[in-house]
1. State whether one or more residues within the stretch 50-64 are among the acidic types (Asp, Glu) and at pLDDT below 95.
2. Does Val29 meet the test of being over 11 Å from the mean Cα position of the chain (by Cα), modelled with pLDDT under 95 and not in a loop (DSSP other than H, G, I, E, B)?
3. Just name the residue that is modelled with the lowest pLDDT out of those in the stretch 75-99 that are in contact with a strand residue (DSSP E or B) (Cβ under 6 Å, 6 or more places away or on another chain) and closer than 15 Å to Leu16 by Cβ.
4. In the stretch 57-67, is there at least one residue being touching a Leu at 6+ places or on another chain (Cβ under 7 Å), part of a strand (DSSP E or B) and surrounded by 21 or more Cβ atoms within 10 Å (Cβ to Cβ)?
5. Output the number of residues of the stretch 68-92 satisfying the condition of being part of a helix (DSSP H, G or I) and surrounded by 12 or more Cβ atoms within 10 Å (Cβ to Cβ).
6. Could you please let me know if Ser35 is closer than 15 Å to Leu4 by Cβ and either outside any helix (DSSP H, G or I) or among the hydroxyl-bearing types (Ser, Thr, Tyr) (or both)?
7. Report, by residue number, each residue of the stretch 1-26 that is among the acidic types (Asp, Glu) and outside any loop (DSSP other than H, G, I, E, B).
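The values are calculated or read from the model by the stated rules, or taken from the named source; none is laboratory data. Keep in mind it's a predicted model, so treat the numbers as computed, not measured. Here the Cβ positions follow ideal geometry from the backbone for every residue, glycine too, while neighbour counts run over all protein chains shown.
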Amino acid sequence: MRILVIDDDVTMLWSLSNTLRRWGSEVEVATGARSGIRMVANRPFDVILLDYRMPDHDAVWFLRNAVIPQETPIILMTGFADPRGLSELRSLGVCDVLEKPFSQSELHDQLEKLSVGTTWRQRKREMNRKETETQEKVHAAHADDTNGRPYPCGTAAPHAA
């Protein structure tokens, strides 16, 4: 599972990343909302663990400004659970909340709930990658004639006799 952890607390980042790696996840960390936005723009993640309050911006700002695939679950980590604020965060894509301080077993339970969907998404990405590679190989094979000359765009390769 590929996980992004966004938190301004370096101790929390260190602790979470070590725990998640021990559980077999690939982990990247961001120390604030702005760096988190840059990271989600560069690659997809299976799960995002997002702190609510950070010095540069809060979780609401992050969720309004980041381009995150709809199927990516976001777990909010907070010590400041406000029911009205949580309602807005859920409307912006937060699927669950871990109230700080939380235990490793609570974190594990949250990730376990998400792992079935994540495994499916990983398989789908791999199938799409293989399909694209196959299409490129087929296209390359039909783009050249027997003399190795590419056919002009818009013309089809002759059929084998």
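1. As a first pass, look at the stretch 50-64 and keep what is among the acidic types (Asp, Glu): 51, 56, 58.
Next, only the ones that are at pLDDT below 95 stay: 56, 58.
Scanning the stretch 50-64, I find at least one residue that is among the acidic types (Asp, Glu) and at pLDDT below 95, so the answer is yes.
2. So Val29 does not fit the description; no.
3. Within the stretch 75-99, the match that is modelled with the lowest pLDDT is Leu98.
4. no
5. First, the residues of the stretch 68-92 that are part of a helix (DSSP H, G or I): 83-91.
From what is left, the residues that are surrounded by 12 or more Cβ atoms within 10 Å (Cβ to Cβ) are 85-86, 88-90.
Going through the stretch 68-92 one residue at a time, the tally reaches 5.
6. Judged against the criteria, Ser35 is a match.
7. Selection gives Glu26 alone.
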